[in-house]
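To keep things clear, I will list the structure first and then write my remarks on it.
The values are calculated or read from the model by the stated rules, or taken from the named source; none is laboratory data. A quick note: this is a predicted structure, and the numbers were derived from the prediction, not measured. Keep in mind that these areas ignore ligands, DNA and RNA; they rest on the heavy atoms of the full protein, side chains included. Shrake-Rupley method; radii C 1.70, N 1.55, O 1.52, S 1.80 Å.
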Amino acid sequence: MTNPPARRTVLGTGAAFLLAGCSKYGDSNSSSAASPTATTSPIAKPSANKELAEKSDIPVGGGKVFKEEKVVVTQPKKGEFKAFSAICTHQGCTVNKVADGTIDCPCHGSKYRITDASVVHGPAPRPLPAKKITVKGKSIFLA
């Protein structure tokens, strides 16, 4: 007597056929979207040496969020510029403002210090990672 296949085996096999069928008969106009080398990748890395702003655009004791580059630049003291990832360490939301000495996330209320991106108010579990910038003349560049 032969044992019938386990439910997990049947479901797994069915899912594999379904996925294979979807990829085989997908829209021919969207073939570049499936390509790992497509230039329209939603996780594009910011280009190095890109000018972000002029120094005068970053307020002393504050900062500015650059959503496209996923970076936030602060100026804790006059002439001292810092840069951090704009992606909250809690659940990956993009921070949306710099106010009252903190970098703020709109999703769950996390706040980070403008001086070192350490957590002032959770639920964020860790600081924002530092980013490299270069200040040349009147401009700030993403390094």
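Full extension from A143 to N96: what is 0.36 nm times the residue separation minus their Cα-Cα distance, to one decimal in nm?
Extra length available between A143 and N96 comes to 14.7 nm.
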Taking H as built 1.01 Å from N, whose amide H comes closer than 5 Å to the amide H of A53, not counting residues under 5 places away?
-> I140
J(HN,Hα) series, segment 101-116, from Karplus relation 6.51 cos²θ - 1.76 cosθ + 1.60, nearest Hz, glycine and proline x | x, 10, 9, 10, 9, x, 6, 9, x, 5, 9, 10, 5, 6, 7, 9
Quote the accessible area belonging to T74 in square angstrom, nearest 10, computed with a 1.4 Å probe and with ligands, DNA and RNA left uncounted.
-> 0
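Stretched out fully, how many nm does the piece from C107 to H121 gain, at 0.36 nm a residue minus the Cα gap? All intermediate terms of the calculation are to be shown ahead of the outcome.
Values: separation 14, 0.36 × 14 = 5.04 nm, distance 1.28 nm.
Going from the current span to full extension adds 3.8 nm.
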Around K131, which amide H atoms from residues at least 5 apart in sequence, or from another chain, sit under 5 Å from its own amide H, with H modelled in the peptide plane?
-> A83, F84, S85
³J(HN,Hα) across segment 64-81 via Karplus (A = 6.51, B = -1.76, C = 1.60, θ = phi - 60°), whole Hz, x for Gly/Pro?
-> 8, 9, 10, 4, 4, 8, 6, 9, 10, 10, 10, 9, x, 10, 3, x, 9, 10
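For segment 42-143, which whole percent of the accessible surface, found with a 1.4 angstrom probe, sits on carbon and sulfur atoms? Don't skip to the end; give the middle numbers.
Details: 2940 of 5790 Å².
Its accessible area is 51 percent carbon and sulfur atoms.
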